[in-house]
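Colleague: Before we start, here is the structure in question, set down as structure tokens.
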Amino acid sequence: MGSTNIEELAIWLVAIGGSYVVYKVLNTYLETPSAAYTLRGPDSPSWLFGNDPHLRMYRNETLAGWFREYGATFAIHGFFGKKGLLVADTKAAAFILNRPNEFPKPRLIVSVTKSRFGDGLIAAEGLEHKKQRKVINPVFSPAAMRDISPMLMLVAQELRDEWKKQFSALAPSSPTQEIDVLGWAQKAALDMIGIAGFGYKFNSLHDSSNELACAFKQLTMSLKVFGFIGLLTTMIPALRHVLYMQPTKSNTASNQSMAVMRRIGSQMVAAKKAEAELLGETSSALGEDLLSVLVRANLKENASERLDDETLLAQISTFLLAGHESTTAAFSWGLYFLAKDQSAQKKLREEVLSVSTDSPSMDELNALPYLDKVVKELLRLTAPIPAATRVARDDILVPLAHPIVDTKGNGVNELFIRRGESVMIHIYASNTQSELWGNDALQFKPERFDKLPEAVSDIASLFANLSTFGAGPRGCVGWRMAVLEIKSLLFTLLRTFEFGIDPELEITGGFAYVLTPSLHE
């Protein structure tokens, strides 16, 4: 190629490159700016992490101050300097949560969930999610919960008996003993989801060597230590595939755990299908665990609407993932609040001791008004998932319940969100805003549910005007089971034990996939 041709090629390349730069600059200035760039919001203390550390902290005065200064919706800085929105406005949150196709989950979250737990309900999107949800809904119906209630109560009683044995062995003459509530809660929650979910005995309260339990623990640990490398994959999506293929100790352990879960899960699915086909879908001899109900519900669907074995298998991991950590956290927080508030604990104990049986039915549990209020209040203050992030699929306008002010002092009644921009719906903020719940919003006060402020009726909710379980088509399908598990545990333990806490201990919320209580360092 002659020098003239090279010079011409160089000129063309410079011209094309220059034209692209000019286009991007003009496009930036001429297009309508999104709310992420026009709303007020806090400065970013870190280009790498942005405001994220403050957004996931428990009882965070910094976050509360931002709401007082900027209103229920404001601009935030995400990882690697990327801007987005934090939304606690009731109308905007409801709009977004009720439109999952227009505001899907971030691709990274879906990808990581699929890679570890399969294509279950948490990871599914669009029509596939709708198909799965239709089949799974009967699994968590009130009737199904009524059937599994005795199983949950049995595990709660096993936990009570283990604590009694431990206390007796350690110091029979001492009236008080220390107990690691979180550790025991993890075991009890796993046994609950095992027996009620699959008819499978993890036996975690008595033995920590169960193969499936160990595999599940390893996989959840891989989510909790996502760390900096995980953040890096948000910028370079292709990198996640390379990283997960490396023969590191963590990847090897995770792959082995997935193989164990797949093998045992496949055996469970095959056994439940064979049982339903042999006995018939309506036989009274069929199991009442959730997987049995799911297999029967699936067989009743038209062939085109049925879930294949791979998708059924993925629901086992999904039930474990969604049900274990959240119940562990919520129950642990519940005992913490009651240990701090002795008058509430005394009132609850008197109520549960008034019941004539150690094994009440679901309906009998739900008929206990103060227990109901305690569970609602602890779920209000400590939603296991404190925030949910969604991404706009296309440019869209989102209405606001209450006007806010932008950086130029103009009133804003709706949010313009550009395609690909992130929106964090802050569940904890929605559950604790003083404008909604009153000036005592951060206090543990079960009696507030005797007469709720009218403003909370605007919160998009599945349960008790709380954002805790989400709302809309992607709201938590298993919320009834979570509430029933917590009630079963509190009912059983409060009948036998009194709980206190060292006043010098400072407990805070640690976010490791879910918001769990931890010692403040």
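The values are calculated or read from the model by the stated rules, or taken from the named source; none is laboratory data. Just so it is clear, the model here is predicted, and its values are computed rather than measured. Cβ placement follows ideal geometry from the backbone for every residue including glycine, while neighbour counts extend to all protein chains displayed. Heads up: the accessible areas ignore ligands, DNA and RNA and are worked out on the full protein's heavy atoms, side chains in. Shrake-Rupley method; radii C 1.70, N 1.55, O 1.52, S 1.80 Å.
Colleague: I'd like to compare 177-183, 467-473: which one has the highest average count of other Cβ atoms within 10 Å, and what's the full order after that?
Modeller: Ranked from most to least packed, the peptides come out as 467-473, 177-183.
Colleague: Counting only heavy atoms of protein chains, what accessible area per residue, in Å², does segment 320-475 have with a probe of 1.4 Å?
Modeller: 40 Å²
Colleague: How big is the gap, in Å, between the Cα center of segment 126-184 and the Cα center of segment 416-495?
Modeller: A separation of 21 Å, based on Cα centres.
Colleague: Placing unit charges on C-beta atoms (Lys and Arg positive, Asp and Glu negative, everything else neutral), compute the dipole magnitude of segment 422-505 about its Cα centre in debye, rounded to 20.
Modeller: 420 debye
Colleague: Counting only protein heavy atoms and using a 1.4 Å probe, what share of the accessible area of segment 79-180 belongs to carbon plus sulfur, as a whole percent?
Modeller: 55 percent
Colleague: May I pose another question? Say each of GLU454 and ARG68 gets a label point 7 Å from the Cα, pointing the same way as Cα to Cβ; how far apart are those two points in nm?
Modeller: 2.7 nm
Colleague: If you don't mind, there's one more thing I want to ask. Using the Cβ atoms and a cut-off under 11 Å, what net charge is assigned to the surroundings of LYS82, where Lys and Arg are +1 and Asp and Glu are -1?
Modeller: Combined, the nearby Lys, Arg, Asp and Glu give -1.
Colleague: Here is a follow-up. For GLN166 and SER356, FRET efficiency with R0 = 22 Å and r from the beta-carbon atoms, rounded to 0.05?
Modeller: 0.20
Colleague: Rounded, prolate or oblate, given the Cα gyration tensor of segment 77-138, with a/c below 1.5 counting as rounded?
Modeller: oblate
Colleague: Something else now. Quote to one decimal, in nm, the extra length available between LYS347 and GLU277 on full extension: 0.36 nm per residue of separation minus the C-alpha distance between them.
Modeller: 20.2 nm
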